[in-house]
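Read the structure below first, then the notes.
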Amino acid sequence: MQELERKLGYRFRSGALLAEALRHSSYANENKQKGEASNERLEFLGDSVLGMVVADHLFRSHPDMPEGELTRTRAALVCEESLVEVAQALGLGEYLKLGKGEEAGGGRHRPSIQADAVEAVLAAVYLDGGIGSARKIIQKFILSREVAGLTKPRDYKTCLLYTSPSPRDISGS
C-alpha cells in the first residue's frame, strides 16, 4: 500500500479507508464473515467528489466557455476510459481485492472495476484528508489531461454531442 500512496502522492492517516477503496464487492461477498465493506459506497461518493472538483475547475478556469462545452469537457475528463487510464498509471489493478470468481474472470483488468476503484480511492482521500487533498490528486491525474488537450469525448453519446452540427450549422446561418 505504501507504493500506491507514493504514486498518489498522498499518505493515508487511515489505512482502513484505502483498504476499503480497494475491496471489490465480489471479495466482500465471499468473505462476509470478516464483515468488511466493499468499495461501492466510496465509489458513490468519489463520483460526486470528482464531478464537483472537475466542474468547479472548468467553471473557474474557462469563464467564457458555454455550458454545453463545459458539460462535454467534464464528461470527457471523468468518463470510464479516462478513469481507466488513471487506474493503469497507478497500477491500481494489482492492489484490488477481488473474489475468486472475479479474479478468475479477469476482473483485475475489467475497465468498469478499475474506473470504480479510482472513484473509491478519490473518496477515501476526501474522507481521510479533505477536499484539498482530493483536489490535488484530481489535478495531478485528471485535470492535467485537460491542460494537455486530452479532453476529446470518449463515449458515443458525448461523441455525438461533439460532432453533431448545431442548429445554426444546419440552417446555414
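All of the numbers you see were taken from the coordinates with simple rules; none came from a lab. Bear in mind the structure is a predicted one, so any value in this text is a computation, not a measurement. A quick note on method: Cβ atoms are made from the backbone with ideal geometry, for glycine too, and the neighbour counts reach across all protein chains shown.
Summary of computed values
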item	result
Within the range 106-143: backbone nitrogen closer than 17 Å to the E80 label point (7 Å, Cα to C-beta)	106-120
Spin-label model distance (nm) - Q2 vs R41, 7 Å beyond Cα toward Cβ	3.0
For the range 1-147, Kirkwood radius (reciprocal of mean inverse C-alpha pair distance, Å)	15.5
Positive minus negative residues near E94 (Lys, Arg vs Asp, Glu; Cβ under 10 Å)	0
Inter-label distance for E94 and Q139, nm, one decimal - labels placed 7 Å from Cα along Cα-to-Cβ	2.8
Residue list for the range 116-136, given a label point 7 angstrom along the Cα-to-Cβ vector of M52 and an amide N cut-off under 18 Å	119-136
